[in-house]
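Bear in mind these aren't lab numbers, they're just calculated from the coordinates by the rules spelled out. If you're wondering where the values come from, they're calculated on a predicted model, not measured in any experiment.
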Amino acid sequence: MRLRWPSCGGRDQSVWIEQAKGVLVATRGVSPDAAFQQLRNQARSSSRKLADLAQVVVQEAQRERVAALAVDDARVRAAEARAREAEQALQAAQTGLVRRAAALDRAQDAADTRERAADERNHLTDQRERAADERDQTSRDSE
């Protein structure tokens, strides 16, 4: 966002100068008087009007701020994209975990069924052996 001020007139010039002083105070950590001295010295050394230099300083600061916001926006978008990817990976992992748990449940059910069938076979085998033992005992007793 660029502020546009008319470049003519003493009052407009003082606005640029005050804004430029504010930029230097904020970015360089100097006092307002020191910021004014820096602006004045730079204007003299570059043979420019103080107000023109102040306007350049303010507009450059605005461009840097917009660029910094764009970088911040890009970082936020990248972080949001990574968060979405992580969420998708988490959902995929949870889905895989649910599938594996279901497969384990089915395998456990099958193992339980086989164990019950084996128990039933053992029970039937025990009954047959008892019946055979009873027949053998009966036949021995009758002899």
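Summary of values
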read-out: In sequence order, calculated HN-Hα J values of segment 29-46 (Karplus, 6.51, -1.76, 1.60; Hz; x Gly/Pro); value: x, 9, 6, x, 5, 5, 5, 4, 4, 4, 4, 4, 5, 5, 4, 5, 5, 9
read-out: Contour minus Cα-Cα distance for residue 140 and residue 44 (0.36 nm per residue); value: 21.2 nm
read-out: Normalised contact order of the chain, rounded percent, pairs of Cα under 8 Å and 6 or more residues apart; value: 19
read-out: Volume of the Cα convex hull of the chain, divided per residue and given in Å³; value: 166
read-out: Crossing angle, helix 10-28 versus the chain [Cα axis fit, 0-90 degrees, rounded to tens]; value: 40
read-out: C-alpha center-to-center spacing [segment 46-78, segment 84-105] in angstrom; value: 48
